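J.: Would you mind keeping the following structure in view while I ask a few things?
Values quoted throughout were computed directly from the atomic coordinates according to the rules given, and no laboratory measurement underlies them. None of the values given here were measured: they were computed from a predicted structure. Note that each Cβ is placed from the backbone with ideal geometry, even for glycine, and that neighbours are counted across all protein chains shown.
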Amino acid sequence: MKRSQRILALGIALVFVLLATQAFAADFKPKAEYTMQVNVGPLYDWGAGAQRWADLIKEKTDGKVNVKPYFGSSLLAGKQTNWYQAVADGAIDFAVESTINASGVVPALNLFNLPFFMPSYEAVDKIENGKAGKMVIEQLEKGGLKFLAWGENGYRQITNSKKEIKHPDDMKGLKFRAVGSPIFIDMFKALGSDATMMSWADAVTAFQQGVVDGQENPKSVLTVVKIWEYHKYLTNWGYVLDPLVFVVNARVWKSFPEDIQKAIAEAALEAGEYEKALARAYLDGTKSANLLKTKYGVTAEDAYAAARSKGMVITDLTPAQIQAFKDKLAPVYNAWVPKVGKAIVDAAIEDMK
Ligand code: X2X
């Protein structure tokens, strides 16, 4: 072929490629709105992360994909543990949700609910990005979901209105609110207390009315509802941490052209990183607070300092004090390993090394 012929052939090929991608893009008719399930409100770290994902999707798809967060589980009439089925069925398109709220239907997610299993943020990251993380994602996606990123609700600390908790015996006779998985009932029972399952929306009313004495949740959840107005005592026992997952219904995901998928996936990773930094701010020294400031121009609040200034008694435990709780919960841990799947637990132990 002569040089001029080659250029002509190349030119024709290029036109075909352009036409093909044009036709492909023209085929894509986005819905006017894609719904996104979020259990909490926009003021929570979690809610802010969900909003950021929606904003970034709009930005990165040049406004082609419009995702609207529905906060407070408003599409589920408050029934937060129904989110997984709703997204799997396609009744809801997107979600930024806690693993806890799906751990009743996806047993592997109870990995994160095993008491005193993940001792540090480093351990959490290693599991999420490791072999165990992959295995958990596989289980999560099985029902018809596409996983895109991890976020974080956080280490769940215990609060109550009755007394300072330092020892398992201090838990005896107290009534707690829990959610999502029967493992929580088992744990509170093992500590000699009682737990009732209820949604977060109902829980806040239960605190106001004193129907329960206490609950467990991470810092952002606690500050947004001003938990100190109901509970004077908080103990940092760090027994479990619930990650958040950024997910899309699998059929909806497949309906997106490749460039749109790429934009949505990138947006999820960015929003996940941002949300995790919010969730960890002032709980990992100044690391996440600094990241928020330098990368995002956001000044995070020191939630515990705020709680203390409201008169909350915040108790840190020594390793020996933590061990007493761990020992008491060992039978629950052992009983739940086979339910999570021993292979996943073993992989997580390996990941954390
Ligand atoms: O309901 C809770 O405790 C919350 C807000 O943390 C979750 O959705 C798991």
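J.: To the nearest 0.05, how large is the calculated FRET efficiency for ALA91 and LYS29 if R₀ is 25 Å and r is the Cβ-Cβ distance? Could the numbers behind the result be given before it?
T.: Working: r = 20 Å, r/R0 = 0.81.
After rounding to 0.05, the efficiency reads 0.80.
J.: Quick check on my link table: of LYS219/LYS295; LYS79/LYS172; LYS58/LYS310; LYS79/LYS219; LYS142/LYS175; LYS146/LYS287, which ones sit more than 32 Å apart, alpha carbon to alpha carbon?
T.: Working: LYS219/LYS295 22 Å; LYS79/LYS172 29 Å; LYS58/LYS310 39 Å; LYS79/LYS219 22 Å; LYS142/LYS175 36 Å; LYS146/LYS287 30 Å.
Beyond 32 Å between Cα atoms: LYS58/LYS310; LYS142/LYS175.
J.: Could you check the simple spin-label distance between LYS293 and ALA343, using points 7 Å along Cα→Cβ, in nm with one decimal?
T.: Taking the simple label geometry, LYS293 and ALA343 are separated by 4.7 nm.
J.: A follow-up question, please. Taking 0.36 nm per intervening residue step and subtracting the Cα-Cα distance, what contour gain separates LYS262 from LYS68 on full extension?
T.: Details: separation 194, 0.36 × 194 = 69.84 nm, distance 1.90 nm.
Full extension from LYS262 to LYS68 adds 67.9 nm.
J.: With an 8 Å Cα cut-off and a minimum separation of 6 or more residues, compute the relative contact order for the chain in percent.
T.: Working: 610 pairs, mean separation 86.6, N = 353.
With pairs under 8 Å counted, the relative contact order is 25 percent.
J.: Quick one: P(r) of the stretch 90-149 from all Cα-Cα pairs, 5 Å bins, percents rounded to integers, in order of increasing distance.
T.: Per 5 Å bin, starting at zero, the Cα-Cα P(r) for the stretch 90-149 comes out as 4, 17, 26, 29, 15, 6, 3, 0 percent.
J.: Can you compute the modelled spin-label distance between ARG251 and ASN129, with each label point 7 Å from Cα toward Cβ, in nm?
T.: Once both label points are built, they end up 3.6 nm from each other.
J.: Further, regarding this structure: Using helices alone, I'd like the mean residue ellipticity at 222 nm for the chain: each DSSP H run of four-plus residues gives -39500 (n - 2.57), total over residue count, nearest 500. Provide the component values of the computation, followed by the final result.
T.: Numbers: 14 runs with 172 residues, N = 353.
Rounded to the nearest 500, it is -15000 deg cm²/dmol.
J.: Between GLN323 and GLN208, what is 0.36 nm times their sequence separation minus the Cα-Cα distance? Round to one decimal in nm. Please report the intermediate quantities before stating the final value.
T.: Details: separation 115, 0.36 × 115 = 41.40 nm, distance 3.24 nm.
Additional length available on full extension: 38.2 nm.
J.: In the chain, what percentage of the DSSP-assigned beta bridges are antiparallel, given to the nearest 5? All intermediate terms of the calculation are to be shown ahead of the outcome.
T.: Values: 21 of 39 bridges.
So the antiparallel bridges in the chain amount to around 55 percent.
J.: Now for a separate question. If you average the sequence gap of Cα pairs under 8 Å that are 6 or more apart and divide by the length of the stretch 239-328, what percent do you get for the contact order?
T.: Once normalised by length, the contact order is 14 percent.
J.: How big is the C-alpha Rg of the chain next to the rule-of-thumb value 2.2 N^0.38 Å, as a ratio? If you can, show how the numbers build up before the last one.
T.: Details: Rg = 22.8 Å, N = 353, 2.2 N^0.38 = 20.4 Å.
Computed over Cα atoms of the chain, the ratio equals 1.11.
J.: Could I ask something else about it? Report the label-to-label distance for ASN236 and ILE185 in nanometres (one decimal), using points 7 Å from each Cα along the Cα→Cβ vector.
T.: 3.3 nm
J.: Using only alpha carbons, build the gyration tensor for the stretch 227-330 and give me the equivalent ellipsoid semi-axes, biggest first, whole Å. Don't skip to the end; give the middle numbers.
T.: Numbers: eigenvalues 249, 81, 34 Å².
So the equivalent ellipsoid measures 35, 20, 13 Å along its semi-axes.
J.: At a threshold of 8 angstrom on Cα-Cα distance, excluding pairs fewer than six apart, so keeping six or more, what relative contact order does the stretch 184-334 reach in percent?
T.: On the way: 91 pairs, mean separation 48.8, N = 151.
Once normalised by length, the contact order is 32 percent.
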